[in-house]
1. Rounded to the nearest percent, how much of the accessible area of the range 269-393 (1.4 Å probe, protein heavy atoms only) is carbon and sulfur?
2. Along Cα→Cβ, 7 Å out, is where each label goes; now give me the distance between the ones at Thr197 and Ala407 in nm to one decimal.
3. Using a Förster distance of 25 Å, how high is the FRET efficiency between Ala187 and Asp365, based on the Cβ-Cβ distance and rounded to 0.05?
4. Starting from the amide H of Ala364, placed 1.01 Å from N in the peptide plane, find each other amide H under 5 Å away whose residue is 5 or more places distant or on another chain.
5. Counting only residues 5 or more places away or on other chains, whose amide H sits under 5 Å from the amide H of Thr8 once H atoms are built in the peptide plane?
6. Rank Leu92, Leu307 by accessible area, highest first, at a 1.4 Å probe radius?
7. Could you give the nm distance between label points at Asp132 and Glu390, where each point is 7 Å from its Cα heading toward the beta carbon?
8. Which three semi-axes in whole Å describe the equivalent ellipsoid of the range 193-280, each the square root of 5 times a Cα gyration tensor eigenvalue, listed largest first?
Amino acid sequence: MKITRVETAVVEANYDYTYVRIWCDRNGAYGTGECFFAPGLTAIVRDLAPLLIGRDPREVDRLIRHVWRKASGAGAVAGFLYNATSGIEAALWDLNGKLDGLPIYRYLGGKVRDRVRVYADCHAGYNVECLDSVLEPRSPEWVRAIESKLEHGEEKFEPEQYARRAKEAVAKGFDALKFDVDSIVLATGEELNRPLTNGEIEQMAACIRAVREAVGGAVDVAVDCHWRFTPSDAIRIASRLEGLNLLWFEDPCPPEDWRAIQQVKAAVRVPVLTGENLNRRQGFLELLQARAVDLVAPDVQKVGGMLEAKRIGELAELFGAGFAPHNIASPLGLVAAAHVCATLPNHVALEFHGQDVPFWNDLADSEGPVIENGRVVLTERPGLGVELNEAVARRYRRPGEPWFGEAWKA
Ligand code: MG
């Protein structure tokens with residue numbers, strides 16, 4: 001059996017949902033995977049394609065290790081290469097599952113649960129945006145349409161907005177939520193390499209307290225800092241949030257310095273999570289050995305693939321750490337991550353970052369909603385078990401990008 005084609009397509013949602021499709025010479029079979037966005041990503045996938053074409057798609061781990069080895073000559077031990085190979089790897093699993101009539105979790109040891117808990121990312125209480133691969137805002141038609149009917153006006157980082165957003169997510173069936181606190185400071189327009197003011201920290205605490213009061217004690221609430229703070233400021237924030245019974249305190253300090261994260265964890269009584277910017281097991285090993293985190297958050301679309309994410313989850317289990325994958329993907333990427341979560345006893349919650357994308361669920365060609373009552377239900381359907389609804393997805397395709405082999409025409 002041989003791989004015959006490797007193709008890409010990109011949808012402009014809140015982020016660029018970037019798909020890889022791999023075809024083989026058996027009955028026109030193909031698999032589709034999703035990558036985390038990155039500058040030049042589809043060009044990277046195209047450049048990697050010759051390493052795959054003509055090879056046996058059933059040897060997934062062998063193929064991915066082959067690509068990593070060949071790309072290491074270009075200096076890649078981390079970075080966007082892993083976004084590309086994560087999408088390639090998921091496409092290979094989807095293809096294998098379809099060929100064998102098996103759901104992907106069966107290749108990962110089988111599931112230990114049927115329903116995978118998902119948490120709702122609620123941003124900073126408000127979020128309608130479409131960002132390019134370096135997080136610059138764009139205004140496609142779907143964003144303009146929402147903004148023109150917005151009741152709440154401009155984004156404000158106020159407790160009321162956080163509380164309203166929390167109640168809306170709980171009403172949709174989610175029992176775990178996440179909110180950003182760094183946006184409160186970013187909104188001041190000031191650079192962040194300075195100590196925070198007490199006023200800023202009080203505003204963060206007021207917003208998260210409003211969330212806790214709005215949802216009551218039984219709903220889990222996590223807080224994200226997006227690597228913005230020094231250890232001392234992160235400790236000031238987390239200490240102020242103690243008593244709110246947080247699910248976790250995410251990415252307090254830059255990911256390249258795990259000792260800073262360890263410093264925060266040692267000083268506060270709030271579980272600490274990190275990992276969305278790390279690649280492969282190597283990215284997590286020292287962090288876990290140093291007991292610097294309580295939960296790991298690999299992103300299945302950029303960490304190196306589904307199998308690698310499973311291995312990281314098992315590594316975390318050895319150190320008593322939970323598994324709570326970061327996720328900003330379309331239904332395909334979310335379900336791919338759910339297959340991994342289903343196989344790990346230490347899974348806590350998988351991120352859902354698409355609440356404000358009006359067509360998010362429509363991108364899946366599935367029966368019913370992809371997420372129901374805050375859970376993804378895994379089925380016996382082969383491969384990922386969910387297909388891209390191309391009739392919908394094409395409407396939002398990114399200008400200039402090919403659509404699975406079909407060139408862009410203006
Ligand atoms: Mg995060």
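The values are calculated or read from the model by the stated rules, or taken from the named source; none is laboratory data. Fair warning: this is a prediction, and the values are worked out from it, not measured in the lab. So basically every Cβ, Gly included, is an ideal-geometry build from the backbone, and we count neighbours across all protein chains shown. The accessibility values were calculated without ligands, DNA or RNA, using every heavy atom of the protein model including side chains. Shrake-Rupley method; radii C 1.70, N 1.55, O 1.52, S 1.80 Å.
1. Working: 1770 of 3770 Å².
It is 47 percent, rounded to a whole number.
2. 5.6 nm
3. Working: r = 39 Å, r/R0 = 1.54.
With R0 = 25 Å, the Cβ-Cβ based efficiency is 0.05.
4. Counting only residues 5 or more places away or on other chains, the set is Asn389.
5. The list, which skips near neighbours in sequence, is Arg21, Phe404, Gly405.
6. Working: Leu92 0, Leu307 35 Å².
Final ranking, largest accessible area leading: Leu307, Leu92.
7. Label-label distance for Asp132 and Glu390, simple model: 2.8 nm.
8. Values: eigenvalues 91, 50, 23 Å².
Rounded to whole Å, the semi-axes are 21, 16, 11.
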